[in-house]
1. Mind counting the residues in segment 536-552 that are under 34 Å from the mean Cα position of the chain (by Cα) and farther than 21 Å from residue 449 by Cβ?
2. Quick check on my filter: what residues within segment 284-311 are in contact with a Leu (Cβ under 9 Å, 6 or more places away or on another chain) and either surrounded by fewer than 17 Cβ atoms within 10 Å (Cβ to Cβ) or on the phi > 0 side of the Ramachandran plot (or both)?
3. Output the residues belonging to segment 98-113 that are open to solvent by 10 Å² or more (accessible area, probe 1.4 Å) and not acidic (Asp, Glu).
4. In the set 254, 220, 227, which member is over 21 Å from residue 385 (Cα atoms) and either of a type in the set (S, T, N, Q) or open to solvent by less than 20 Å² (accessible area, probe 1.4 Å) (or both)?
5. Test of understanding: among 349, 391, 337, which residue is among the charged types (D, E, K, R) and in contact with a Gly (Cβ under 8 Å, 6 or more places away or on another chain)?
6. Considering segment 530-545 alone, what residues qualify as being under 18 Å from residue 438 (Cβ atoms) and open to solvent by less than 20 Å² (accessible area, probe 1.4 Å)?
7. Go through segment 705-724 and give me each residue that's open to solvent by less than 40 Å² (accessible area, probe 1.4 Å) and out of contact with any Pro (no Cβ under 9 Å at 6 or more places or on another chain).
8. Checking the conditions here, which among 512, 521 is open to solvent by 20 Å² or more (accessible area, probe 1.4 Å) and touching a Pro at 6+ places or on another chain (Cβ under 9 Å)?
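The values are calculated or read from the model by the stated rules, or taken from the named source; none is laboratory data. Quantities reported herein were computed from a predicted structural model and do not represent experimental measurements. When we count neighbours, we look across all protein chains shown, and the Cβ atoms used for this are built from the backbone with ideal geometry, even at glycine. Accessible surface is based on the protein model in full, side chains and every heavy atom, while ligands, DNA and RNA are left aside. Shrake-Rupley method; radii C 1.70, N 1.55, O 1.52, S 1.80 Å.
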Amino acid sequence: MSKVCLLNKRFFHFSRISRKEMFSQRFSPTTGKMEWVVEDEDYDMRDEIARSAYTDMLHDDERNKKYYQATIQAVKNLKVSRKKVHMLDIGTGTGLLAMMAVQSGADRATACEAFKPIASVASDIVKKNGFGDKISVVGKRSTKLDLEKDVGSPVKANLLVTELWDTELIGEGALPTLRDACNRLLEPGFVSVPAAASVYVQVFGSEALWNMHQLNPKHISENQDLILPTEMEQCRGTASAFDLHVDELSDKEINILSAPVPVLRFDFCNNSASTKSDCINKVSIPDTKDKSDSDKTESCYSVQASVEHSGIAHGVVMWWTLDMDVDGEITLTTAPRWAHPDGDNRQWRDHWMQAVYFLKRPLLIQAGDKVNIQCCHDDYSIWFDVTPQNRIAATVDRPLCTCGAHVTWSRHRFAMLNDRQRSRAFRQALKQLVAEGNSRCLSISDGSLLPLLAAKAGFDKVIAVESSVLYQKFLRKLINLNGLGETIEVLDKEAANLQAKDLSTDQVDVILGEPFFTSALFPWHNLYFWYAASSVAQITRPGVKILPRGATLKALAVDFEDLWKFHAPVNTVEGFDVSLFDKLIEGSKLKNEGINNEKSHGIALEPHHVWEYPCRALTQDSTIMTFDFTRSVPAEKIKTEGDIKILSSGTLHGIVIWMEFHLTDDITVTTGLQKNQEVNGKLQPKLRWVRHTKQGVYFIQSPPRIEDEALINENIPRVRYCVGFEPASGEIDFDFQLCAS
């Protein structure tokens, strides 16, 4: 069985006599909190391995091929000058880049890997491939590396081949790491693969993305009469880049307003002399190698971009392109589909996406005009601003929340609150309750606007249970701005700790919930509302109403286009055997995910925003368990079993699992599939998923292929499920397998 309790990577080590143990944090649906549980001493190591992005990178064929091509060329160029080639690989992972270099003719390689378990398997992989005499794997950060002491080399490296990049390019500390390498580990005039990186941006307009950044009263209040603090309109939001697969937005949802423009180029070695780059802003890493890590100076640059389409600009989308060789002949880019040289045939990858940066406020721009794009960066982050051509900002402040909302709500929570259909469902349900004569309610959810909606729907008294001090302050501001101070009372308490005296003189008629709790990673973790409502119901009058009244757990078998690669073995990459890495990853997943390999048919259960990962339905969406919130949480375990008929051929990569909450008998809000995927008896190719909530994905171990012929036989294949809900712990365990009828 696959259990869903493992949710966070916070760990605490301690010793008890000679026995080492550790704590990890897991979400408990019974308390709605992250709780500490005791694990064995290797738990955090296995978790880090299981949840790393190594497998995704190794499945990135374009990345692998272009690194290999550029390495072959770099070694060849060094050999022409009759130099012995000493290669340095920073962050070696499986040792792949080091093996590429030695296979290409490098005389020796030093490979650094800070994560000891991966360094150990890299050493074994190197030896298995026959390179043990030429490659030294060092289990430490390059910034702690001493070439003479650690590998016995008095000579510095003259070839750097490294992959330190994230979606934002420099977010993993590439700049200080490379400066240190230039200072201590590399010869003057060394060659680097890649040789340079250019940052590109385009100005875009997108209500869909803006709804993940700012609250829109039109989407929440029926009469558009919800008043927001004025400082929200001027707030830049959070400092971090918003990385996502912008490719999955339709052309109707994102309007590209400007041509792509390079705003900044980082040269990683001084002999990067590509004439193909037209970027006017350049930073040479070797020339800045003496910059101290304590120097927090921010650098700012400006470029002009041509506006190709009129519209309202909401931000910029950013990506980068690597010049893999010094001549810029071999390039690797993370550009979105509309700007990628391979268009729709581009390589899929999840370890690098695109990054979105929002403007301070929307900006109306006209086709034919030019705009200034300001780009600023420090050692770990980049940020942008866009201004009209005649106004160039002297400085661009780093994005920082000044309104209080962005430190309380995540971007996906903004999207949830801006979901018109969802808000409409709650307004209808609340009005129905008021029409039935209910006048007092208690709201249990985190960072919720439900108290304001209830007050505007006609409730005379609304009690909001909110434990976050930050959100209490923001909520009270909203309450006062909207003149609801006499109607809404905010309680600084956990729902489970409420007493009858907290509900003042009159008992509540209704207990409300979205339900939404910030610590929940899977949709069904919001079942905490059931526990909280059951607890509160004991101190209210009999017959108190519950909204939502109940929930269903839904499942859909799917064939993923690419997400399956997260859990697929790699075996070989460019001719190098990395199967030892596959064994390490699989063993860590089976151990830490609570999956018994002998009994379960799953390899992992993970939360994902499935809308970013195209998939095709193989079955109808099916109800696999129901919950009745109007009754107390039962004492005995609930177990369901059943079959889901396969309706389409394909590979059964996994099962997507989500919750639907029933506000009334005929009003439901979903955390998963938005529309029935079947039309006129046929499964539709395009599935529409809720974007603001992660769904659970149960990955099938050794995914089976279902052929068309199997669907016309008498024994049509089915997905058999077994689901168990343990009320004492709040855990749900799952098992799915493909069976013949």
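1. Selection size over segment 536-552: 2.
2. Selection gives 288, 289, 291, 299, 308, 309, 310, 311.
3. The answer is 102, 103, 104, 105, 108.
4. Numbers: 254 fails: over 21 Å from residue 385 (Cα atoms); 227 fails: either of a type in the set (S, T, N, Q) or open to solvent by less than 20 Å² (accessible area, probe 1.4 Å) (or both).
Criteria check complete, one pass: 220.
5. The conditions single out 337.
6. Hits for segment 530-545 are 533, 536, 540.
7. Matches in segment 705-724: 716, 719, 721, 722, 723, 724.
8. 521
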